[in-house]
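The values are calculated or read from the model by the stated rules, or taken from the named source; none is laboratory data. Computed from a predicted structure; not experimentally measured. Cβ atoms come from the backbone with ideal geometry, glycine included; neighbour counts cover every protein chain shown.
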């Protein structure tokens with residue numbers, strides 16, 4: 001297969017013009033009177049009047065390591081909070097219809113270069129079992145992974161120091177690599193108890209560093225419209241949009257992503273790894289509408305403290 005790095009804009013323009021159905025008012029009502037469905041099952045809707053794209057999704061994961069915020073149904077539900085019953089190229093077409101241009105995917109060699117493209121704000125809207133409506137910046141559903149080992153460089157343990165009973169603490173020492181390790185979040189009480197075990201400056205620095213590293217942080221990266229890639233099968237001459245493999249809205253960098261985050265986030269060393277903030281994610285099966293809103297040029301999306 002030969003590789004092309006942009007989805008044909010002309011093809012998508014034709015798709016929007018020819019295949020966007022003219023829905024009745026009742027069909028568009030759940031998303032607003034101006035929203036027009038872009039696919040037959042009405043899960044991708046273009047609200048051009050309000051400058052947004054709407055995705056009707058469902059919650060499929062509340063615990064586990066994440067690679068996606070939203071995947072396509074039947075692809076990556078084991079590592080994505082939400083799933084969309086639709087096609088990624090239709091989402092791409094909707095963003096083009098809002099006037100956006102494709103960006104560039106993350107690059108990994110010879111050095112990492114983050115994904116670039118038009119910045120997007122993404123909100124989640126749903127109704128709970130009591131009938132109360134909610135709308136939040138979806139980044140509040142994602143936090144740095146806590147169910148993992150954290151490490152800090154330390155060549156040797158302090159002279160005479162003995163590690164606490166491993167059945168009563170998560171502290172470990174890897175003498176081969178030269179690292180002090182801790183599994184999961186460290187509480188302030190655990191930190192203070194560990195600091196009392198030795199006054200060695202190197203040890204004290206390591207414990208304080210591990211405490212800081214283990215504290216969960218909300219996702220504070222920017223979503224950007226990348227636009228994935230395409231391949232042309234030389235045998236059939238058919239064009240395949242690579243995001244159809246599931247990489248619709250990513251929190252781990254993929255060169256095939258339609259929407260990615262503009263920071264280093266993957267399973268590689270030194271990069272961020274994310275998980276759902278379980279307590280904030282609605283129950284499995286909850287219907288969630290994602291609002292994808294392009295940020296106006298010259299402006300930046302609100303930070304963690306300004307997400308309403």
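Points to keep in mind about this one:
- Qualifying positions in the stretch 97-138 - closer than 15 Å to residue 256 by Cα and touching a helix residue (DSSP H, G or I) at 6+ places or on another chain (Cβ under 9 Å): 102
- Among the residues here, residue 12 does not qualify as within 30 Å of residue 280 (Cβ to Cβ) and either at pLDDT 50 or above or assigned to a loop (DSSP other than H, G, I, E, B) (or both).
- Strands (runs of 3 or more DSSP E) (entirely within the stretch 152-231) containing at least 1 residues that are in the same structural domain as residue 89 (by TED's automatic domain parsing): 223-225
- Within the stretch 234-243, no residue satisfies the criterion of being closer than 30 Å to residue 144 by Cβ and in a loop (DSSP other than H, G, I, E, B).
- Of all residues in the stretch 37-77, those satisfying the criterion of being touching a residue at least 12 places away in the same chain (Cβ under 8 Å) and within 14 Å of residue 247 (Cβ to Cβ) are 66, 67, 68, 69, 70, 71, 72, 73, 75, 76, 77.
- Count - residues of the stretch 107-145 that are surrounded by 13 or more Cβ atoms within 10 Å (Cβ to Cβ) and assigned to a loop (DSSP other than H, G, I, E, B): 6
Conditions tested, residue by residue: (1) out of contact with any strand residue (DSSP E or B) (no Cβ under 9 Å at 6 or more places or on another chain); (2) over 18 Å from residue 118 (Cα atoms).
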{"position": "206", "(1), (2)": "no, yes"}
{"position": "214", "(1), (2)": "no, yes"}
{"position": "223", "(1), (2)": "no, no"}
{"position": "232", "(1), (2)": "no, yes"}
{"position": "237", "(1), (2)": "yes, yes"}
{"position": "241", "(1), (2)": "no, yes"}
{"position": "244", "(1), (2)": "no, yes"}
{"position": "263", "(1), (2)": "no, no"}
{"position": "282", "(1), (2)": "no, yes"}
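- With respect to the conditions (1) more than 18 Å from residue 273 (Cβ to Cβ); (2) surrounded by 12 or more Cβ atoms within 10 Å (Cβ to Cβ); (3) under 30 Å from the mean Cα position of the chain (by Cα), residue 174 falls short on a single one, namely (3).
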